[in-house]
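The block underneath contains the structure these notes are about, expressed in structure tokens.
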Amino acid sequence: MVIIAGFAIIHSYCQYLFLGPCNTLGSNFPLGLFLMIEGSVGLVVYRLRLLGTSRSRVKILVFTEGTIIREVRGREGRMIGGKVLGDAPRKLRNWSSQGGQIEYLTSRRKPDEIQAVRRTLKENRFPKGRLNYRSQGEDYKDVAEKILPNIIVEDDGAGIGGERGMTYPHIRPHIKQRIVSVVVREFEGIDQLPDRVLSLLDGGYSSRPAS
């Protein structure tokens, strides 16, 4: 039955190509068969290339303070450095090795504190990536909407009012639906997140307790 069905499909495809009867003994039948096989192979190759391209362009926006580092403050209360939460550098390097484009988002606005974050990332061997921050009058959502990441990794902001201090919940709906939200508990790091970037894309991950 499978052979008969396959033959019928090939015969119909041959008639479609040549807009007329398809003689299995004539020259147009093998030509039609050849074109169908070539087209199928070409489609598979195209899809594989498209998949590879999409993987290599996954943009991951990672919040810094509370998510991957803990602030270290000086006498005046300003941030002068940071301590790594768990093994966050290894996790991000792993995602980067899979084609993930890592970008960072800091809560700091003042140049010296932004530099402290940048220095902390470099000294602890986090993967290279642009460090984004809010300009005058901007909220986190404004920065994220300009970056348009595929994934946002951030903590739950438990110490600063929960969702009120987060990024993803405030993004406009038509943009939000294109982004996967990954939420972890504040100051508990990202070690528990999947190692595979595709696992994050498959619907997100949340390590927050169920409400």
Could you tell me which of the residues Thr106, Thr64, Thr120 is under 15 Å from Val182 (Cβ atoms) and of a type in the set (Val, Ile, Thr)?
Thr64
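Residue-by-condition table, conditions (1) over 16 Å from the mean Cα position of the chain (by Cα); (2) part of a helix (DSSP H, G or I); (3) in contact (Cβ under 8 Å) with a residue 12 or more places away in the chain:
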{"site": "Arg93", "(1), (2), (3)": "no, yes, yes"}
{"site": "Arg109", "(1), (2), (3)": "yes, no, yes"}
{"site": "Ala116", "(1), (2), (3)": "yes, yes, yes"}
{"site": "Lys122", "(1), (2), (3)": "yes, yes, no"}
{"site": "Glu138", "(1), (2), (3)": "yes, no, no"}
If you go through segment 140-168, how many residues are in contact with a helix residue (DSSP H, G or I) (Cβ under 6 Å, 6 or more places away or on another chain), in contact (Cβ under 8 Å) with a residue 12 or more places away in the chain and in a helix (DSSP H, G or I)?
2
Does Ala158 satisfy being buried (at least 16 other Cβ atoms within 10 Å of the Cβ) and closer than 25 Å to Arg73 by Cβ?
no
I'd like to know if segment 141-163 contains one or more residues that are in contact with a His (Cβ under 9 Å, 6 or more places away or on another chain) and modelled with pLDDT under 95.
yes
When you check Ile175 against the structure, is it surrounded by 14 or more Cβ atoms within 10 Å (Cβ to Cβ), under 18 Å from the mean Cα position of the chain (by Cα), farther than 19 Å from Gly66 by Cβ and free of Cβ contacts under 8 Å to residues at least 40 places away in the same chain, yes or no?
no
Between Arg90, Arg78, Arg130, which is in contact with a strand residue (DSSP E or B) (Cβ under 8 Å, 6 or more places away or on another chain) and among the basic types (Lys, Arg)?
Arg130
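When segment 171-185 is examined, which residues are found to be among the hydrophobic types (A, V, I, L, M, F, W, C) and over 9 Å from Ala144 (Cβ atoms)?
Restricting attention to segment 171-185, the residues satisfying the condition of being among the hydrophobic types (A, V, I, L, M, F, W, C) are 171, 175, 179-180, 182-184.
Matches in segment 171-185: Val180, Val182, Val183, Val184.
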Selection status of Gly82, small (Gly, Ala, Ser), at pLDDT 95 or above, more than 21 Å from the chain's Cα centre (by Cα) and within 28 Å of Val197 (Cα to Cα):
yes
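The values are calculated or read from the model by the stated rules, or taken from the named source; none is laboratory data. From a predicted model like this one, the values you see are computed outputs, not experimental measurements. Please note: Cβ atoms are built from the backbone with ideal geometry, for glycine as well, and neighbour counts cover all protein chains shown.
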